[in-house]
Amino acid sequence: MARIAIGGFQHETNTFAPVRASFEDFEMADGWPGLTRGEAIFETFKGINLPLPGFIDAAKAAGHELRPLLWCSASPSAHVERGAFERITGELIDLIKKQGKLDGLYLDLHGAMVTEHFEDGEGEILERIRAIVGPALPIVVSLDLHANLTERMVRHASALVVCRTYPHVDLAETGGRAADLMTRLLRHGPLAKAMRRADYLVPLPWQCTLINPAAALYRVVEEAEGQGRAASASFAFGFPPADIAECGPAVVVYAEDAARANAEADRLIGMVNAAEAEFAGKIWQKDEAVRYAMNKSASTNRPIILADTQDNPGAGGNSDSVDLLEALVSLKAAGAVFANLYDPETAKIAHEAGLHASFERGIGAWCGSSGLEKFRGRFEVLALGDGNFKATGPFYRGNQMQLGPMALLGIGGTKIVVTSRKQQAADQAMLRHLGVEPRDAKILALKSSVHFRADFQPIAEEILIVAAAGDNPVDNRALPYRHLRKGMRLMPLGEAF
């Protein structure tokens, strides 16, 4: 039985977003638990679709003794503030030091953290930890599919294990794979490693593993392990709105010797490069999308989904753009539901006004992003909620949502789901909490790029990717990059940076 310390520190950083992540953002629960320390980790994370509980279950089944440190995350946003990073990293390292002799360390990280003072947050964390635990201790790290793999991460971790689905329905499974790899390292010693990069960025909607070519690529990655060519193989798409030198798709392979690791890494990156031309799809403009959805919804009893991808809070958007809402109302889209609008002040006013009351104000567009304007009108309070409810969909599976005071507002034929905490609309329970049955909507306008598909795609007639205002442009050429490495193509088959 091995003695393994476990913890996590997660943030996905959109360096073009308007709001930075403070320590309080990591303390606060939202779609995921807030900052959790010590033994409370075991109960808090039980049954949740996150890598940490997946690791816990598999490691305990293997007979390991687990020493819990801390776990925290903050909603995707701009850079992690220096003070927050130093405080959390410092506490994490102090907790590791207090554990005494360890046989291994597991960390549940994201892989796309950028701080006010470091481009590579995870690489910095791992380098500091490696300096205190020494070169021999096995350190296994689980990462998000959108991780921007860096040389420092690969150098200082014994193994990196990347999730394989987007929507991320396999997060707990990824933690289980990390635990299995930890057991292998403890029994048989270190593995050779190899990393390779692709030279193009893939917009988030086309990273979806429910469709090709991403689905086919991840089957190949999984087969690399199943057919014995690698002890572990991972492919990360990267997170495009992170303006750092090491942004973009990459593979990392672990094998018994360097020759096998290098050969498999070369084979996998070759397939990623060969798929470049296939990463494309139609982007709808907002008025065009609403008109099409209105026409289509007249001949079906299943919702048409408009993915408001550019204001996706899961990618650093502030979830407060109301461009698509304005289009729904002005075009008189009956039976439309717009979710989630992150506007704590409007939620507060709705609760003060009370059920069935109405009030006039400008909603949304409060965070200060350039070009955003409020949507003004008279809104009726159709329903109120406290924001505390159990997630029911595959992505947020098992988690207790804590979104603060919520309100359902009505204007014209459109209903608006307003939250007090920022969370992408990726679980039907968010709507049902306010009495809205998603299946009954004619049009569902959801602030999400892909994660909504896990719970909403099965009920949808059609899904349109819509380019409305927001800080997560679906076309990377709209982003003012300054730090990408030379030669990176901003879009598949596009011009080089």
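Annotations for the structure displayed:
- Inter-residue pairs, beta-carbon under 6 Å, first within 19 Å of ASP311 (Cα to Cα) and in region 337-350, second basic (Lys, Arg), 6+ apart: VAL337/LYS415; ASN340/LYS447; TYR342/LYS422
- Residue within region 365-374 that is in contact (Cβ under 8 Å) with a residue 40 or more places away in the chain, surrounded by 15 or more Cβ atoms within 10 Å (Cβ to Cβ), in a loop (DSSP other than H, G, I, E, B) and of a type in the set (D, E, K, R) present: yes
- Given (1) under 25 Å from the mean Cα position of the chain (by Cα); (2) farther than 25 Å from ALA21 by Cα, index of the condition GLN400 fails: (2)
- Region 51-65, residues that are buried (at least 20 other Cβ atoms within 10 Å of the Cβ) and in contact with a strand residue (DSSP E or B) (Cβ under 7 Å, 6 or more places away or on another chain): PRO51, LEU52, PHE55, ILE56, ALA59, HIS64
- Which numbered condition ASN301 misses (of (1) assigned to a helix (DSSP H, G or I); (2) without any contact (Cβ under 8 Å) to a residue 60 or more places away in the chain): (1)
- Every residue from region 110-145 that is in a loop (DSSP other than H, G, I, E, B) and more than 24 Å from HIS168 (Cα to Cα): GLU116, HIS117, PHE118, GLU119, GLY134, PRO135, ALA136, LEU137, PRO138
- Scanning region 60-87 for residues that are under 13 Å from PHE23 (Cβ atoms) and without any contact (Cβ under 8 Å) to a residue 40 or more places away in the chain yields ARG82, PHE85, GLU86.
- Any pair with Cβ under 7 angstrom, 6 or more apart, that starts in region 234-251 at a residue that is touching a residue at least 12 places away in the same chain (Cβ under 8 Å) and in a strand (DSSP E or B) and ends at one that is of a type in the set (Ser, Thr, Tyr) and surrounded by 24 or more Cβ atoms within 10 Å (Cβ to Cβ): VAL251/SER234
- Filter result for ALA230 (assigned to a loop (DSSP other than H, G, I, E, B), out of contact with any Leu (no Cβ under 6 Å at 6 or more places or on another chain) and farther than 29 Å from PRO76 by Cβ): yes
- Residue in region 281-290 that is within 30 Å of LEU331 (Cβ to Cβ) and free of Cβ contacts under 8 Å to residues at least 24 places away in the same chain present: yes
Coordinate-derived values only; no laboratory data. Bear in mind the structure is a predicted one, so any value in this text is a computation, not a measurement. Note: ideal-geometry Cβ built from the backbone for every residue, glycine included; neighbour counts use all protein chains shown.
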